[in-house]
1. Relative contact order, percent, of the chain when contacts are C-alpha pairs under 8 Å separated by at least 6 residues?
2. For the pair residue 69/residue 52, report the inter-label distance in nm, with labels modelled 7 Å from Cα in the Cβ direction.
3. Ignoring ligands, DNA and RNA, please state the percent of accessible area on the chain from carbon and sulfur, probe 1.4 Å.
4. Pairing the Cα long axis of helix 2-13 with the longest principal axis of the chain, what angle in degrees results, from 0 to 90 and rounded to the nearest 10?
5. For the chain, what is the per residue volume of the convex hull drawn over the alpha-carbon atoms, in cubic angstrom?
6. Note down the nm distance, to one decimal, between modelled labels 7 Å out along Cα→Cβ at residue 95 and at residue 115.
7. How tilted is helix 131-144 with respect to the longest principal axis of the chain? Cα atoms for both, answer in degrees (0 to 90, nearest 10).
8. Distance between the C-alpha centers of the stretch 103-131 and the stretch 35-95? Whole Å please.
Amino acid sequence: MSRLMKEYKAIEAQDAVELSPRSEDSLQSWTATLEGPSGSPYAGASFTLDIEVPDTYPVAPPIAKFQPRTMPHVNVNYETGEICLDILKGEWSPVYNLVYVVQAIERLLREPNPDSPLNLELGIIMREGDIEAYKGLIGYYICQGPGE
């Protein structure tokens, strides 16, 4: 818990990412707001990321998910919000922290990996090189909103 308290104080002192605990009573549940990177199909949109910190943190990685049905991305399961990112799985290291996790997910918005898709439809389109269809589908999902 002392590690999370140190991270919390460091996050309060900077404004590199929009990340905060959901409750002042517990540092185990966090929320981050990500802005779509300019020049990407996500530009102008905001996305909410839920982060749960296990008791075994920092030995085990946090569990980060987008709110379901809000993030159309090749490496995100649209139905569950699960994210396919190596540092959230087998490539985790205790030297990483919550800010690093959020920044890695922000990079994933700019640099999707079609070789590790959780959204198979977008993965196939990306691998085929049809960038206009990829951007169009993302724009459609974003405009429709959750549950549409």
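The values are calculated or read from the model by the stated rules, or taken from the named source; none is laboratory data. Fair warning: this is a prediction, and the values are worked out from it, not measured in the lab. Note: ideal-geometry Cβ built from the backbone for every residue, glycine included; neighbour counts use all protein chains shown. Remember, those area values only see protein heavy atoms, side chains included, never the ligands or the DNA or RNA. Shrake-Rupley method; radii C 1.70, N 1.55, O 1.52, S 1.80 Å.
1. 19
2. Roughly 2.0 nm, to one decimal.
3. Numbers: 4010 of 7960 Å².
Of all accessible area on the chain, carbon and sulfur atoms account for 50 percent.
4. 70
5. Values: hull volume 16.2 nm³, N = 148.
Per-residue hull volume (Cα only) is 109 Å³.
6. In this crude spin-label approximation the distance works out to 2.3 nm.
7. Long axis of 131-144 versus the principal axis of the chain: about 60 degrees.
8. Computed from Cα coordinates, the inter-centre distance equals 13 Å.
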